[in-house]
Amino acid sequence: MKYYLTTPIYYVNATPHIGHAYTTLVADTVKRVRRMMGDDAYLCTGTDEHGQKVERSAEKAGWTAQEFADRVSGAFRSEWDSLGIDYDFFVRTTEPRHAGAVQWLFERCQKNGFIKKDTYTGKYDVTGEAFVTDEEAQKIDGPVEVVTEENYFFKLSEFQDRLLKHYEDNPDFIRPESRRNEVISFVKGGLKDLSISRASLKWGIPLPGDDGHVFYVWFDALTNYMTALGYGGDAEVDPEGLWPADLHIVGKEIVRFHAVYWPAFLMAADLPLPKGIYAHGWLIFQEEKMSKTKGNVVRAQPIDQVVGIEGLRHYLLREIVFGQDGNFSYEGLVGRYNADLANGLGNLASRTLAMIHRYFDGAVPEPPDDSGGALAVLATETIAKVRAHFEAFEFSRGLDAIWALSGAVDKYLVEQKPWVLIKGEDEETKAQLRTTLYNAAEVLRIVTALASPVLPKSAAEIWRQLGQESDLTAVRYAGLAWGQLKPGTKLPGGEAVFPRLDVEASIKKMQELEQEVLKEQAQIMGRTVEAAPAARQKPADSERIEIDDFAKVEMRVGVVMTAEKVKKADKLLHLTIDIGEAEPRSIVAGIAAAYEPDSLIGRKVAIVANLKPRKLRGLVSDGMIIAASGEDGNPNLVSFLEDAPIGARLG
Ligand code: ME8
C-alpha cells in the first residue's frame, strides 16, 4: 500500500531549531515504521515563504523577499539533509509549480460557487499572520494592525454540517482525541466565511483573474501537499496515485487550519480529503514553547556534534508522550543517551559481539537448539507490541518495549555467565556457551531492527557489525522472527556505536557550540550580530513623519513606586509609576529578564502616557515604559543623567 505523509511547511521567518526538527524527525520515523509495515511510504516537507512577515524581515535584513526566502529555505533543506531526513518531496511555496497548484485549487472552488468578494475590516496579527478577534488581539505580544480591504472570501460557513458529519463518520480523522474534541466544538460554535486574499500585500501568489490580489497565507500554504504530487501543473499529475494523503503531522497550534479549512477547501473543490491529521505537542524549553520570538531556541547541529542526532531522536521520542507537550533539557538528553543507548543497546552490542570475537573467532556460534526458550518468546511478543505501538504513534511505549527486551538479554547474560562458561571443558558447558551467545546475538539483531525507525544510522551500523548483508531498510515486521541469524556468520568488527558521554563536559560543549551556530544563523537571516547598528540605513523621505505626528505621543517622566513579578509570565513585571497624576499608573512591562523588581523602586523612567490602556494577564497596563532593545533582545530602560522632575513631558 502507498502511504503519503507530510510535515507542515516551515516559515522562512526563522532558521531551523529543534522544535521544527521534532515534527520532521517524527515524520521520518513514521515513514520508516510504515516501510517496515510493508507500505511504500513517501514523505513531503518544504518551506512556507510568502506573507507580510517575510516581506518585512527581508526588508529589515536588506535582502529582496526572494533572496531572503532562498537563504532560509536553503538552511531548512540542508538541515534536513544533515539530520538524515528521508524526504521524497520538498516544496517551496515560491516555486512556479506551487503557484499553479494554488490557482488551480482556487478555480475549482470558484467554479463550484464557494468564492465571493466582500469587504473586511479586522485586527491583523502580523506575527501570526491572521485576522484576530478583539479578545485575541489583547493577548498578542507582537504588532496588531487594523486592516480594511476588499477580499476574496471562501464560503467556509457552508461547510459546518459536512465537516461535523465527516468527523463523526471518521473518528480517526483528527488525533489525538483531545484535539478532535477541540476542533468539533470549534466547528459547532459556527464558522465564518474566510478571507483568502489580500490586496494590501505584494509578496504572494496572484489571484487568477484579479492581479490586484494575492492569496492569503493558509490557502497558499496548505495546497503545498498537492503541489508536491504535480497537481495544477503541466507534468503528469500524481503519477504514484498518492492523493489523498494518509497523514498530515502538524503542531497543535495549526490543527484548526488542517482539520477545518483544508478539508473544506477540498470539499469545495470536489477533491478527496486526507485520511488523518495527527497533532503533536510543543517542545518546552525554559518553561516556554521553544520559538524564535521567545528567543529560547536550541539548535540541532551542536547536539549532532556532541551526542549525535540519533541521541536526539531517541530522547524526543522516548521522553515525550506523542501528542503532549514535553520539556527539553540538556541534562535529560545526555542522561537518556547514557542510560538507554550507551549502557543499554550500545553496551549489549559491544559485549555480545566482543565475546563472539574472542570466544568464537568472530563467527556466530551454532547452538544445539536454536529455539531460544523464554528469550525467543519475549522477542516474538516484543515484535508484535512494538509494531502496534509505533503504528498507533505511541513511540515512548514502543521504545519502552524495545529496551525491556534489551534489558532481558543483559539479565540473561549475567545469569548465564558466558565468561565462566568459556572455562568449562565438558560438552554440555560448551553447548551452553554457544546457546547463550547465539541467543544474545539473535536478540541484538531483533532489537536493532525494531529500533531502526528511531535510530536508522546506528542501527545500520550494528546490523553491519552483526554480519548482516541485507539492507536494514528492507526488513519488514512480518518477516522479522526468531532464529534468522545464521550460525557461522562472520562478524566484520567495528567501533562501539554509542560511547558513554561525560554529562557536564557534553552539556558545556553543546552550549558553546550553540553560540557559534547562533551567529552563523544570524548571518543567514542577514543580521550580523555585531554589525547590526552600522548596517542601519537612514529612513526614506516617504517614511518620515511630521512634527505634529510626533506631538501626538505624550511621553512623561515617572518614578517607580512598586514593582512585582507577574505570575506565570517570566518576562513581565507589574509596576506602579507616579507621573504626577492623582493616582500612580499601573503598567505591565516586558522587562523582567533584565531587571529585578526591587532594583527599580525609586528609579526615574520615561513612559508613553496617552496610549489606550490594555489588559495583560488580567492586569491593566495604562501606559508603556520606554526601553531600547539590544541585539540579545534584553530591554535597556531609558533613564536621565540629570534629575528630571516627575511628570515632565519629553519632546
Ligand atoms: O506553522 N515544539 O510554520 P512554522 C514543537 N508555515 N514543534 C514546534 C515548535 C516547538 N517548540 N516550534 C515549531 C507554520 N514547531 C506554517 C505551517 S503548513 C501548511 C503551514 C513545529 O515554521 C510545529 O509543528 O511556524 C509547527 O507546526 C511547525 O514547526 C512549523 O511551524
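I'd like the orientation of helix 52-61 relative to the chain: the angle between its Cα long axis and the longest Cα principal axis, in ° from 0 to 90, rounded to 10.
The helix 52-61 is inclined about 90 degrees to the chain.
With r as the distance between the Cβ atoms of GLU391 and ARG162 and R0 = 25 Å, compute the FRET efficiency 1/(1 + (r/R0)^6) and round to 0.05.
Values: r = 29 Å, r/R0 = 1.16.
It comes out at approximately 0.30.
Please pull out the direction-averaged projected area of the stretch 179-242, using the convex hull of its alpha-carbon atoms, in nm² to one decimal place. Spell out each step's value before the answer.
On the way: hull surface 27.2 nm².
Taking a quarter of the hull surface, the average projection is 6.8 nm².
What ³J(HN,Hα) values, in whole Hz, does the Karplus curve 6.51 cos²θ - 1.76 cosθ + 1.60 give for the stretch 32-43 when θ = phi - 60°, with x put for Gly and Pro?
For the stretch 32-43, the Karplus-derived couplings read 5, 5, 4, 5, 5, 7, x, 7, 9, 9, 10, 10 Hz, x marking Gly and Pro.
How do 369-382, 322-335 rank on mean C-beta neighbours within 10 Å, highest first?
Details: 369-382: 15.9, 322-335: 17.8.
Ranking, from highest mean packing down: 322-335, 369-382.
Pull up all non-local amide H partners of LEU229: gap of 5 or more, or a different chain, and H-to-H distance under 5 Å with H placed in the peptide plane.
none
Does the stretch 300-388 come out rounded, prolate or oblate by the C-alpha gyration tensor, with a ≥ b ≥ c the root eigenvalues, rounded set by a/c under 1.5 and, if not, prolate when a/b is larger than b/c and oblate if not?
On the way: a/c = 3.66, a/b = 1.62, b/c = 2.26.
Taking the square roots of the gyration eigenvalues as a ≥ b ≥ c, the stretch 300-388 is oblate.
Can you bin the stretch 95-214 into rounded, prolate or oblate? Criterion: square roots of the alpha carbon gyration tensor eigenvalues sorted a ≥ b ≥ c, rounded for a/c under 1.5, prolate for a/b above b/c, oblate for the rest.
Values: a/c = 1.83, a/b = 1.20, b/c = 1.53.
Judged from the Cα gyration tensor, the stretch 95-214 comes out oblate (a/c at least 1.5, b/c at or above a/b).
Largest first, how would TYR120, TYR337 line up by accessible area (1.4 Å probe)? Can you show the working numbers first?
Details: TYR120 60, TYR337 10 Å².
Reading off the accessible areas and sorting them downward yields TYR120, TYR337.
Classify the stretch 45-127 as rounded, prolate or oblate, taking a ≥ b ≥ c as the square roots of the eigenvalues of its Cα gyration tensor: rounded when a/c is under 1.5, otherwise prolate if a/b is larger than b/c and oblate if not. Walk me through the numbers on the way to the answer.
Numbers: a/c = 2.57, a/b = 1.36, b/c = 1.89.
Oblate, because a/c is 1.5 or more while a/b does not exceed b/c.
Find the relative contact order for the stretch 165-234 and round it to a whole percent, using C-alpha pairs within less than 8 Å whose residues are 6+ positions apart. Intermediate results must be reported in sequence, preceding the final value.
On the way: 41 pairs, mean separation 13.2, N = 70.
Once divided by the residue count of the stretch 165-234, the mean separation gives 19 percent.
Give a residue-ordered list of calculated ³J(HN,Hα) values for the stretch 172-184 (Karplus: 6.51 cos²θ - 1.76 cosθ + 1.60, θ = phi - 60°; whole Hz; x for Gly, Pro).
Running phi through 6.51 cos²θ - 1.76 cosθ + 1.60 with θ = phi - 60° gives 8, 5, 10, 10, x, 3, 4, 6, 4, 4, 4, 5, 4 Hz.
Would you kindly calculate the mean projected area, averaged across all directions, of the convex hull enclosing the Cα atoms of the chain, in square nanometres?
Working: hull surface 136.8 nm².
Over every viewing direction, the Cα hull of the chain projects on average to 34.2 nm².
Between GLU554 and ASN181, what FRET efficiency follows from the Cβ-Cβ distance if R0 is 56 Å, with the result rounded to 0.05? Don't skip to the answer; put the middle values down first.
Working: r = 48 Å, r/R0 = 0.85.
It comes out at approximately 0.70.
Evaluate E = 1/(1 + (r/R0)^6) for THR133 and VAL414, where r is the Cβ-Cβ distance and R0 equals 56 Å; express this FRET efficiency to the nearest 0.05. It would help to have the intermediate numbers written out before the result.
Numbers: r = 63 Å, r/R0 = 1.12.
Computed FRET efficiency for THR133 and VAL414: 0.35.
Please compute the contact order of the stretch 215-283 in relative form: average sequence separation of alpha-carbon pairs under 8 Å and at least six residues apart, divided by the residue count, as a percent. Kindly include the intermediate steps, with their values, before the conclusion.
Numbers: 62 pairs, mean separation 23.5, N = 69.
Answer for the stretch 215-283 is 34 percent.
As a test of the formula, what do you get for the chain when each DSSP H run with n ≥ 4 contributes -39,500 (n - 2.57) and the sum is divided by the residue count, at 222 nm and rounded to the nearest 500 deg cm²/dmol?
Working: 23 runs with 262 residues, N = 651.
Value at 222 nm, helices only: -12500 deg cm²/dmol.
Sequence-distant or interchain residues sharing an amide H contact under 5 Å with THR562, placed H: which?
Residues meeting the amide H criterion: THR576.
Grab the Cα-Cα distance for GLU495 and ARG649, subtract it from 0.36 nm times how many residues apart they are, and report the gain in nm with one decimal. Write out the running numbers ahead of the final one.
Details: separation 154, 0.36 × 154 = 55.44 nm, distance 7.17 nm.
Net length gain for the segment: 48.3 nm.
Sorting check: for 218-225, 240-247, 400-407, which peptide has the highest mean count of neighbouring beta carbons within 10 Å, and how do the rest follow? Provide the component values of the computation, followed by the final result.
Working: 218-225: 25.2, 240-247: 17.6, 400-407: 19.2.
The peptides rank, most packed first, as 218-225, 400-407, 240-247.
Show me 272-280, 165-173 ranked by packing, highest mean number of other Cβ atoms within 10 Å first. Working shown, then result.
Working: 272-280: 20.0, 165-173: 13.0.
By packing density, highest mean first, the sequence is 272-280, 165-173.
Which entries of LYS31/LYS289; LYS2/LYS457; LYS289/LYS568 show an alpha-carbon separation above 21 angstrom in the structure shown?
Details: LYS31/LYS289 26 Å; LYS2/LYS457 24 Å; LYS289/LYS568 13 Å.
Checking Cα-Cα distances, LYS31/LYS289; LYS2/LYS457 exceed 21 Å.
Work out from phi, with θ = phi - 60° and the Karplus expression 6.51 cos²θ - 1.76 cosθ + 1.60, the ³J(HN,Hα) of each residue of the stretch 246-254, listed in order in whole Hz, and give x for Gly and Pro.
Result, ordered by residue: 7, 7, 9, 8, 9, x, 4, 6, 10 Hz.
How much of the accessible area of the stretch 183-258, in percent, comes from carbon and sulfur atoms when a 1.4 Å probe is used?
Its accessible area is 51 percent carbon and sulfur atoms.
Checking the cross-link filter: which lysines have an alpha carbon closer than 28 Å to that of LYS552, excluding same-chain neighbours under 8 positions apart?
Filter leaves LYS53, LYS60, LYS123, LYS139, LYS538, LYS604, LYS612, LYS615.
Determine one quarter of the surface area of the Cα convex hull of the stretch 249-295, which equals its mean projected area, and express it in nm² to one decimal. Could you put the intermediate results ahead of the total?
Values: hull surface 15.7 nm².
Answer in nm², one decimal: 3.9.
Under 5 Å between amide H atoms, partner at least 5 residues away or on a different chain: which partners does TYR124 have, H built in plane at 1.01 Å?
Counting only residues 5 or more places away or on other chains, the set is VAL132, GLU145, VAL146, VAL147.
How far is helix 427-451 tilted, in degrees, relative to the longest principal axis of the Cα atoms in the chain, given as a value from 0 to 90 rounded to the nearest 10?
Roughly 20 degrees, rounded to the nearest 10.
What relative contact order, as a whole-number percentage, does the chain give when Cα pairs under 8 Å and 6 or more residues apart are counted?
12
The values are calculated or read from the model by the stated rules, or taken from the named source; none is laboratory data. The model shown is predicted, which means the values in this text are computed figures rather than measured ones. Glycine also receives a Cβ, built like all others from the backbone with ideal geometry; neighbour counts cover every protein chain displayed. Each accessible area value is taken on the protein alone, full model and side chains, heavy atoms only, with ligands, DNA and RNA left out. Shrake-Rupley method; radii C 1.70, N 1.55, O 1.52, S 1.80 Å.
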